[in-house]
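Okay, so here's the structure we're looking at.
The values are calculated or read from the model by the stated rules, or taken from the named source; none is laboratory data. This one's a predicted model, so the numbers in the text were calculated from it and none came from an experiment. Cβ placement follows ideal geometry from the backbone for every residue including glycine, while neighbour counts extend to all protein chains displayed. Side chains are part of the model used for accessible areas, which takes the heavy atoms of the whole protein and leaves out ligands, DNA and RNA. Shrake-Rupley method; radii C 1.70, N 1.55, O 1.52, S 1.80 Å.
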Amino acid sequence: MHYLFTTPEGLNLFIEVHTVAAIILTFITIPLTLLMKKGSRYHRIGGLSSLLIAIIFSISALLMLFNPYIIPHLKADIPKYQIDIAYVYNTHPDLLLLGLISIFSYSIFSAYRIWPRIKHSNDGRITSNIIDWVLAAIAAWVAVFYFQVFLYDIGKHPNYANIYLAPSALMLFFVGLDVYTFFFRPQITGRPWWALHMCKMLYAWSALIKGFVMRDFHLSLEQTVFHEVASILAWLIISLFVYLFYRETLNTRYARKG
């Protein structure tokens with residue numbers, strides 16, 4: 001344990017595990033799951049495989065933060081990105097990493113939780129437990145943290161600061177939906193729960209893709225802002241397209257099962 005948390009070699013091991021898990025999730029399990037017939041055995045297997053690898057991905061990323069070499073490792077990338085005056089990169093890069101991990105973890109785990117919440121209902125209304133509350137709290141933390149970064153950077157680097165506003169607002173929107181289902185417990189039947197599941201899964205996938213783009217292509221400030229706007233628009237358009245394409249079939253199927 002001492003080796004893992006106090007040496008550069010231990011950090012490199014976590015980074016390798018994290019990177020392999022990210023590659024498998026981004027380019028194999030999640031896209032294959034999205035392409036498989038919804039509700040089929042293979043779709044469920046793909047979803048569970050993605051969930052298990054996501055656990056490895058998230059835990060390995062969190063464990064990196066306990067290694068004292070993580071901040072020098074992250075700060076070494078600053079000259080590559082031309083964003084050296086952005087708050088989180090030159091002061092708390094570990095917080096930015098934690099924020100990105102939190103966005104992904106919330107999106108994929110809360111997306112999966114839709115089905116157990118429906119399955120375990122005894123009264124025809126969606127249920128919840130401590131896991132769902134913890135996931136909502138994570139999303140709330142991301143919303144507050146990213147909004148604080150936006151406020152801090154808006155006076156120093158307004159163009160870059162703006163990219164924190166969209167994920168902050170989106171996480172707050174998801175928190176609102178979650179809390180609504182916790183307290184008001186809508187009916188299971190007649191509700192397109194699969195659409196919420198799909199939107200969160202697509203957002204988790206987009207977070208992974210964004211990580212690869214930001215990490216490997218060394219975007220300039222203008223490219224970073226463009227990519228952030230484009231990724232949000234792409235997520236919205238794809239989510240809407242998938243919803244409209246599967247709406248009738250899946251609404252009927254899940255209503256019958258409910």
Requested in this report: Tell me, yes or no, whether the range 34-44 has at least one residue that is surrounded by 16 or more Cβ atoms within 10 Å (Cβ to Cβ) and modelled with pLDDT of 95 or more.
Outcome: no
Report task. Give just the number: which of (1) at pLDDT 90 or above; (2) within 27 Å of Pro68 (Cβ to Cβ); (3) surrounded by fewer than 17 Cβ atoms within 10 Å (Cβ to Cβ) does Ala22 not satisfy? Result -> (3)
Requested in this report: Looking only at the range 143-175, count how many residues are at pLDDT below 80 and over 20 Å from Leu236 (Cα atoms).
Outcome: 10
Query raised in the report: Is there a residue being open to solvent by 40 Å² or more (accessible area, probe 1.4 Å) and modelled with pLDDT under 80 anywhere in the range 201-213?
Result: no
Query raised in the report: Do we find a residue being small (Gly, Ala, Ser) and touching a Gly at 6+ places or on another chain (Cβ under 9 Å) anywhere in the range 2-21?
Result: no
Requested in this report: Test Ser49 against the stated conditions and say whether it is free of Cβ contacts under 8 Å to residues at least 60 places away in the same chain, assigned to a helix (DSSP H, G or I), surrounded by 16 or more Cβ atoms within 10 Å (Cβ to Cβ) and touching a His at 6+ places or on another chain (Cβ under 7 Å).
Outcome: no
Report task. Determine, yes or no, whether Lys119 is of a type outside the set (A, V, I, L, M, F, W, C) and open to solvent by less than 40 Å² (accessible area, probe 1.4 Å). Result -> no
Query raised in the report: Any chance the range 155-176 includes a residue that's open to solvent by less than 60 Å² (accessible area, probe 1.4 Å), in contact with a helix residue (DSSP H, G or I) (Cβ under 7 Å, 6 or more places away or on another chain), closer than 21 Å to Phe104 by Cβ and among the β-branched types (Val, Ile, Thr)?
Result: yes
Report task. Please give the helices (runs of 4 or more DSSP H) falling wholly within the range 1-44 in which 3 or more residues are more than 30 Å from Ala195 (Cα to Cα). Result -> 2-6, 8-24
